[in-house]
Amino acid sequence: MSILYVLIHEVDDGQAFWEKEGEKFLSPQERERLTSLRFQKRRQEWLHGRWVAKHLIQRVLSDFGELTLSEIAIENRADGSPWVFVKGEEVQGELSISHREGWACAAFSQNTEISLGIDVEKIEKRDPAFYMDYFTDREKVNRALFSEMSEEMYYTFLWSAKEAALKALKLGLRIDTRKIEILLEGFDTISRSLARPWFPISIQVLGVGENWTGFGYIREQFVMTLACHGIKKSEPVMIQEIRL
């Protein structure tokens, strides 16, 4: 069984949660990275994402014993993906982080044979060109199957899942998003899942084989998605949400 650990956290607009720790939860390398971030909004989002990811790692990696957040360092590879070190020792596993407008989430798996991406997006209206330019013909046609779902919610789900898949591929927005196709399983499934989060979504990536596993989650006016590549279809998957 593959276990995907997830932590989701919302912060109020005026709440600077890290001030209690005076940024002491950062490693020396992370403090250096923080100084390079010029804009306050970007600094706050980056700090929030790191804080959430470290709390997730702290709870999952019990083999390391009692860990302070500053003993966990999250650096970035050349492709931008996060890389975890504990007390200077590289941690085997996959970590992904996302943040948006007061929300931050992180996902971690100790399975080194998979790639993992998580994304959070706000459900909101977008320019009509967005719907025309970034989605496949089948995704646009399938919109008619979800008449009870608003256009904003439908396309936000699809966009978030594409972002999550791009993170799993470690590509960012460097490929045409129409090479990634997202198929929701059905609105009834989604509706039933509101009380039981993380419903399945189908992910297909042109030229990157099979074995994609996807999940979506609605919370207030935000959606979160997980994309995993490399989990065998016969292998069960469990999402374990860690709560602060």
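Side notes on the structure shown:
- Between region 73-113 and region 195-244, the C-alpha centres lie 17 angstrom from each other.
- Test item: Cα-centred dipole of region 1-146, Lys/Arg +1 and Asp/Glu -1 on Cβ, debye: 360
- Here Met132 and Glu152 are evaluated by their C-beta separation; at R0 = 25 Å the FRET efficiency comes out at 0.95.
- GNM flexibility winner over the chain from Trp83, Trp51, Trp159 (Cα, springs under 10 Å): Trp83
- Of Ser36, Ser2, Tyr155, farthest towards positive along the dipole that unit charges on Lys, Arg, Asp, Glu beta carbons give the chain: Ser36
- Here the gap between Arg178 and Val141, fully extended at 0.36 nm per residue and compared with their Cα-Cα distance, gives a gain of 11.9 nm.
- With contacts taken as Cα pairs under 8 Å and at least 6 residues apart, the chain reaches a relative contact order of 23 percent.
- Calculation over all alpha carbon pairs of the chain in 10 angstrom steps from 0 returns a P(r) of 7, 32, 36, 20, 5, 0 percent.
- Most mobile listed residue (Ser202, Ser150, Ser234) in the chain, GNM with C-alpha springs under 10 Å: Ser234
- Normalised by 2.2 N^0.38 Å, where N is the number of residues, the alpha-carbon radius of gyration of region 95-153 equals 1.48.
- Positive-end residue, the chain charge dipole about Cα centroid, Cβ charges, pick of Thr213, Ile175, Phe108: Ile175
- Once the C-beta distance of Asp63 and Glu32 is scaled by a Förster radius of 45 Å, the resulting FRET efficiency is 0.95 to the nearest 0.05.
- The residues of region 21-82 have, on average, 54 Å² of accessible surface per residue, using a 1.4 Å probe with all protein chains present.
- Mean accessible surface per residue for region 88-152, computed with a 1.4 Å probe while every protein chain stays in place, in Å²: 49
- When each of Lys54/Lys232; Lys54/Lys87; Lys54/Lys233; Lys24/Lys87 is checked by Cα-Cα distance, pairs over 19 Å: Lys54/Lys232; Lys54/Lys233
- In the chain, helical runs assigned H by DSSP with n ≥ 4 each contribute -39500 (n - 2.57); averaged across all residues and rounded to the nearest 500, the mean residue ellipticity at 222 nm is -8500 deg cm²/dmol.
- Whole-percent carbon and sulfur share, accessible surface of the chain, 1.4 Å: 48
- The chain - charge dipole about Cα centre, Lys and Arg +1 at Cβ, Asp and Glu -1, debye rounded to 20: 240
- Potential extension, Lys125-Glu220 segment - 0.36 nm per residue separation minus Cα distance: 32.6 nm
The values are calculated or read from the model by the stated rules, or taken from the named source; none is laboratory data. This is a predicted model, so every value here is computed, not measured. A quick note on method: Cβ atoms are made from the backbone with ideal geometry, for glycine too, and the neighbour counts reach across all protein chains shown. Heavy atoms of the whole protein, side chains included, go into the accessibility calculation; ligands, DNA and RNA do not. Shrake-Rupley method; radii C 1.70, N 1.55, O 1.52, S 1.80 Å.
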